[in-house]
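The structure appears below as structure tokens.
All of the numbers you see were taken from the coordinates with simple rules; none came from a lab. As the structure is a prediction and not an experimental result, all values here were calculated from the model. Positions of Cβ are backbone-derived with ideal geometry, glycine not excepted, and every protein chain shown enters the neighbour counts.
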Amino acid sequence: MMVEKTADKKTIGITSGNESVLAALVTEGLFASEIDAAKFAMAHAIELKASRGSTEGASTKWNVGSVDNDGTMKAIIQALYPEEAQPYRLIEHLMNEGLDQLRSQEGLPPDVAGILFEDKKEGEVQDSPS
């Protein structure tokens, strides 16, 4: 049986439920643009080992060329998920999964610094004061 290969996404979307998180991240000055905030959310989802999938109900937000003008994000997804046939569909999904995780935290905007440094603090050995 031949498997039909479907075309990858040409646009990246964010669900209406995640728009407020994206806006809060930029409004509070944590990121220069919504694209930067969405990329952080994608990295957060990858770090949390979010499952692969696709996001239903995401409204078109950006053309893939705006999100990944040099192909770096596609290359990262292909390296991390070599079996993925539709890297931009997965990028959209991971962005939304990450934003969903950020939305589930206490209050908006999410504590980006806490996310970046929480694991490092847990694993560090504290020196005793001299």
Legend entry - Lys10 versus Ala32: modelled label distance in nm, points set 7 Å from Cα along the beta carbon direction: 2.9 nm
Legend entry - Segment Leu116-Tyr81, length gained on full extension (0.36 nm per residue, minus Cα span): 10.3 nm
Inset, instruction - Average the reciprocal distances over every distinct pair of alpha-carbons in region 35-88, invert the result, and give the Kirkwood radius in Å. - result: 12.2 Å
Legend entry - Which of Tyr88, Tyr81 has the fewest Cβ neighbours within 10 Å, and the rest in rising order: Tyr81, Tyr88
Inset, instruction - Subtract the Cα-Cα distance of Thr60 and Ala43 from 0.36 nm times their separation in residues, and report this length gain in nm to one decimal. - result: 4.1 nm
Legend entry - Principal axes of region 13-107: Cα extent on each, largest first, Å: 36, 25, 23
